[in-house]
Amino acid sequence: MDLKTLEKFFLQRQSCRDFAETPLSHETVEGICRAALLAPSAVNAQPWKLLVPEGEKFKEVIDLITAEGRRPFVKRAQAIVVVCEDVRGRTFNFGGNHVPNPYIENDIGILTAHLILAAKAAGVGSCILGWKNETALHPLLGIPQDVLIPELVALGYPAENTIREKRRKPLSEGLSFLR
């Protein structure tokens, strides 16, 4: 893939807040997650685990996310990917010593970017959800309290394929070459 093709792909990726009722197959969700798990991480610590609730558990997660009228569009999502911070990734072996991993937030962000781009490549819409109730999600999903849930990502086929215009700062505000 050349750079122009990649840039065009990035311009077409957007947060989806209007999902079609078309179901996502287990294989499609698994493929998106498999691609996301190829993300790089500091010293290959891979400090993450992806959880995808299905069946009744999925419905319970959707009900929790949309409680009290929050994010009603999520009710039409066909999958939720729960990005967990694996406790084993909080340290890594450096020179024979286990030291704290100062890059874990970066690694989780890179994984999440891979996840939403993999979804786009599969023709699936995605939306990173800013709200989450970790206190309620832990027991609901059987996640130990010491495992953090930094991201939730809603997935589903877009109800329509209209691409919104990207509004970005001018290149000169986001890029400088220093001499």
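Being outside any loop (DSSP other than H, G, I, E, B) and within 13 Å of the chain's Cα centre (by Cα) is the filter; apply it to the range 6-44 and report the residue that is surrounded by the most Cβ atoms within 10 Å (Cβ to Cβ).
I32
Residue by residue through the range 66-94, note down the ones that are at pLDDT 85 or above and touching a Lys or Arg at 6+ places or on another chain (Cβ under 6 Å).
If the condition is that a residue be at pLDDT 85 or above and touching a Lys or Arg at 6+ places or on another chain (Cβ under 6 Å), then T66, F73, C84 are the ones that fit.
Results for (1) surrounded by fewer than 15 Cβ atoms within 10 Å (Cβ to Cβ); (2) closer than 27 Å to N44 by Cβ; (3) among the aromatic types (F, W, Y), shown as yes or no for each residue.
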position: V83; (1), (2), (3): no, yes, no
position: N93; (1), (2), (3): yes, yes, no
position: L115; (1), (2), (3): no, yes, no
position: K120; (1), (2), (3): no, yes, no
position: W131; (1), (2), (3): yes, no, yes
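Please indicate, with yes or no, whether at least one residue in the range 134-142 is buried (at least 18 other Cβ atoms within 10 Å of the Cβ) and either under 13 Å from the mean Cα position of the chain (by Cα) or not in a helix (DSSP H, G or I) (or both). No, that holds for no residue. Note on the range 6-48: among residues that are at pLDDT below 95 and out of contact with any strand residue (DSSP E or B) (no Cβ under 9 Å at 6 or more places or on another chain), the one that is nearest to V82 (Cα to Cα) is Q46. Residues in the range 28-53 that are free of Cβ contacts under 8 Å to residues at least 40 places away in the same chain and over 24 Å from G142 (Cβ atoms): N44 alone. When each of N133, N101 is tested for being modelled with pLDDT under 95, of a type in the set (S, T, N, Q) and under 29 Å from T22 (Cβ atoms), the lone residue that passes is N133.
Strands (runs of 3 or more DSSP E) fully within the range 54-123 that include at least 3 residues being without any contact (Cβ under 8 Å) to a residue 60 or more places away in the chain and β-branched (V, I, T): none found.
The values are calculated or read from the model by the stated rules, or taken from the named source; none is laboratory data. Quick caveat, the model's predicted, so the values are computed rather than measured. Note that each Cβ is placed from the backbone with ideal geometry, even for glycine, and that neighbours are counted across all protein chains shown.
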